[in-house]
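Q: Below: one structure in structure tokens.
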Amino acid sequence: MDWEIVINHIPKGSKETITKETLIGLTGYTDREIRKAVEEARRNGIRVVSSSHRRGYYIATEQAEWDAFLLELKNRIRTTMETYNKCSKNKLVMKDEQQAKGETRRA
């Protein structure tokens, strides 16, 4: 898969966006391949913006657009880490509860 094929279909500027579904139709790539292409483009310096508030992708042409995307990305990471931390504590509690009850699992 060539990420540049996907990026060539993404409009510049926030006035127009393109949905993942449209990109799938234009490129023949799968949902996962589109997301991977966007990720690869970002890692190669292309400022591809997506938002939970707006449907679709576009390439940022203003610093404020990119900054807003980065802030949202940072907040997603923070929320994901909070969930991870809570889940990892639950796992330990569940293991301790099983041991307290005398329940053990054999591999």
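The values are calculated or read from the model by the stated rules, or taken from the named source; none is laboratory data. All figures in this text were calculated on a predicted structure; none of them were measured in a lab. Methodologically, a virtual Cβ is constructed for each residue, glycine included, from the backbone with ideal geometry; neighbour enumeration extends over all protein chains shown.
Q: Of the numbered conditions (1) in contact with a helix residue (DSSP H, G or I) (Cβ under 6 Å, 6 or more places away or on another chain); (2) on the phi > 0 side of the Ramachandran plot, Gly56 satisfies every one except a single condition; which is it?
A: Unmet condition: (1).
Q: Within the range 22-42, does at least one residue satisfy the condition of being of a type outside the set (A, V, I, L, M), in a helix (DSSP H, G or I), touching a strand residue (DSSP E or B) at 6+ places or on another chain (Cβ under 8 Å) and modelled with pLDDT of 95 or more? So that I can check it myself, show each step before the final result.
A: To start, the set of residues in the range 22-42 that are of a type outside the set (A, V, I, L, M) comprises 22, 25, 27-33, 35-36, 39-40, 42.
So of that shortlist, the ones also in a helix (DSSP H, G or I) come out as 22, 25, 27, 31-33, 35-36, 39-40, 42.
Remaining after also requiring touching a strand residue (DSSP E or B) at 6+ places or on another chain (Cβ under 8 Å): 42.
With the extra rule that they be modelled with pLDDT of 95 or more, the set shrinks to 42.
Yes, that holds for at least one residue.
Q: I'd like to check something: does the range 44-51 contain any residue that is within 14 Å of Glu4 (Cα to Cα), surrounded by 15 or more Cβ atoms within 10 Å (Cβ to Cβ), free of Cβ contacts under 8 Å to residues at least 40 places away in the same chain and touching a strand residue (DSSP E or B) at 6+ places or on another chain (Cβ under 9 Å)? Let's see the steps before the verdict.
A: Of all residues in the range 44-51, those within 14 Å of Glu4 (Cα to Cα) come to 44-48.
Of the ones still in play, those that are also surrounded by 15 or more Cβ atoms within 10 Å (Cβ to Cβ) are 46-48.
Then keep just the ones that are free of Cβ contacts under 8 Å to residues at least 40 places away in the same chain; that gives 46-47.
From the residues that got through so far, the ones that are touching a strand residue (DSSP E or B) at 6+ places or on another chain (Cβ under 9 Å) too are 46-47.
Yes, the range 44-51 contains at least one residue that is within 14 Å of Glu4 (Cα to Cα), surrounded by 15 or more Cβ atoms within 10 Å (Cβ to Cβ), free of Cβ contacts under 8 Å to residues at least 40 places away in the same chain and touching a strand residue (DSSP E or B) at 6+ places or on another chain (Cβ under 9 Å).
Q: Residues in the range 52-99 that are at pLDDT below 90 and over 30 Å from Lys15 (Cβ atoms): how many?
A: We begin by selecting, within the range 52-99, every residue at pLDDT below 90; these are 52-55, 86-99.
Narrowing the set further to residues that are over 30 Å from Lys15 (Cβ atoms) leaves 86-99.
Count: 14.
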